Structures are given as C-alpha cells and as structure tokens.
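The values are calculated or read from the model by the stated rules, or taken from the named source; none is laboratory data. Remember, predicted model here, so these are calculated numbers, not experimental data. Glycine gets a Cβ as well: all are built from the backbone with ideal geometry, and neighbour counts include every protein chain shown. Surface accessibility is based on the protein's heavy atoms, side chains included, excluding ligands, DNA and RNA. Shrake-Rupley method; radii C 1.70, N 1.55, O 1.52, S 1.80 Å.
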Amino acid sequence: MKAQDLMAKAVQAATSAKVLLDTGDGDGASNRAYYAMFDAARAALLVSGFDVGKTHRGVLNAFSERLVKNGSVPQEMGRLLKRAETFRYVADYEGNPVELSDAREMVEQAETFVASMRAELMLEKFNGDAKPC
C-alpha cells in the first residue's frame with residue numbers, strides 16, 4: 001500500500017470517528033480515531049523510508065524509534081498515538097464503554113495527529129511532480 005493510500009484511509013477514519021461521536025457511539029469513535037492515527041503513522045513511516053511493520057505494536061514501536069526519537073515528529077504526537085491505542089483497547093475489548101467526553105478528546109487528537117503527519121511529513125517528502133496527500 002502506498003503512503004497516499006494510507007493517508008486517505010487515515011482521513012476517512014477521522015471523518016468516520018466524528019460521525020460515530022455525533023451518534024453517541026464513544027467506543028466506535030475511539031476505535032476509528034485510533035485507526036486514523038495508526039494509518040497516518042504508517043504513511044509517515046513509509047514516506048520516511050521505513051518498514052511499516054506487520055503488527056500494531058510493530059508500527060507503534062517503529063513510529064517511536066524511527067520518527068519520534070530522531071526528532072522528525074514531536075514527542076507529543078508519539079504520546080497521542082500511544083494514548084489512542086489505550087482507548088482503542090478499552091473500546092474494543094473491555095466491558096465499560098468509553099465516555100463520550102473521552103471519545104471527543106480522542107477524535108480531536110486524531111484530527112490533530114493526522115493533520116500533523118500530513119503537514120510535517122507528507123508534504124515535505126513528496127517532490128514537486130508527486131501529488132501531496
């Protein structure tokens with residue numbers, strides 16, 4: 001999969017997260033917010049020339065090791081991604097639903113994360129003849 005395709009998936013997941021939040025589905029919104037961030041992280045790794053990994057843990061670790069620790073991506077973005085993973089786990093596997101206020105915060109953070117990956121990585125990495133995401 002190409003970085004542009006992953007970023008398109010990330011944008012779509014962020015949009016879906018907002019729709020789910022508007023319907024009162026905190027678990028669904030948290031899940032889609034996480035996947036928006038996850039796909040944006042995968043796109044950033046690909047565009048930076050790194051392997052995207054085969055597992056969630058692999059992608060999150062690669063993102064932290066390859067992009068956050070070297071300063072390409074602000075540490076705050078790494079923290080947002082890890083936090084989103086925690087909420088996604090609660091939403092998908094634990095009995096208690098994610099509170100709407102927490103889901104709202106996750107959706108906002110996903111939008112911030114996706115926009116940051118687009119601005120800081122995607123547009124910088126594409127040369128003039130490629131289409132930016």
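Worth pointing out:
- Relative contact order %, the chain, counting alpha carbon pairs below 8 Å whose residues are six or more apart: 34
- Rg/Rg_globular for the range 1-77, with Rg_globular taken as 2.2 N^0.38 Å and Rg from C-alpha atoms: 1.14
- For the range 52-94, alpha-carbon Rg relative to the globular expectation (2.2 N^0.38 Å, N residues): 1.21
- Computed [θ] at 222 nm, helices only, for the chain once each DSSP H run of length n ≥ 4 contributes -39500 (n - 2.57): -21500 deg cm²/dmol
- Pairs of Lys in the chain closer than 18 Å at Cα, counting only those 8 or more apart or on different chains: 8
- Average accessible surface area per residue within the chain, 1.4 Å rolling probe, Å²: 52
- Candidates A36, A44, A119, ranked by Gaussian network fluctuation over the chain, Cα under 10 Å, top entry: A119
- Rounded tilt (10° steps) of 100-117 against the dominant C-alpha axis of the chain: 10
- Accessible area of the chain belonging to carbon and sulfur atoms, whole % at 1.4 Å probe: 48
- Calculated Rg and Dmax of the Cα atoms in Å (choose from (1) 13.6, 39; (2) 14.2, 49; (3) 18.0, 63), label: (2)
- Relative contact order (percent, whole number), the range 1-43, Cα cutoff 8 Å, 6+ residue spacing: 53
- Rounded to 10°, Cα long-axis angle of helix 26-47 versus longest principal axis of the chain: 10
- What you get for the chain, charging only the Cβ of Lys and Arg (+1) and of Asp and Glu (-1), is a dipole of about 500 debye around the Cα centre.
- Largest GNM mean-square fluctuation among G53, G26, G78, using the chain with Cα springs under 10 Å: G53.
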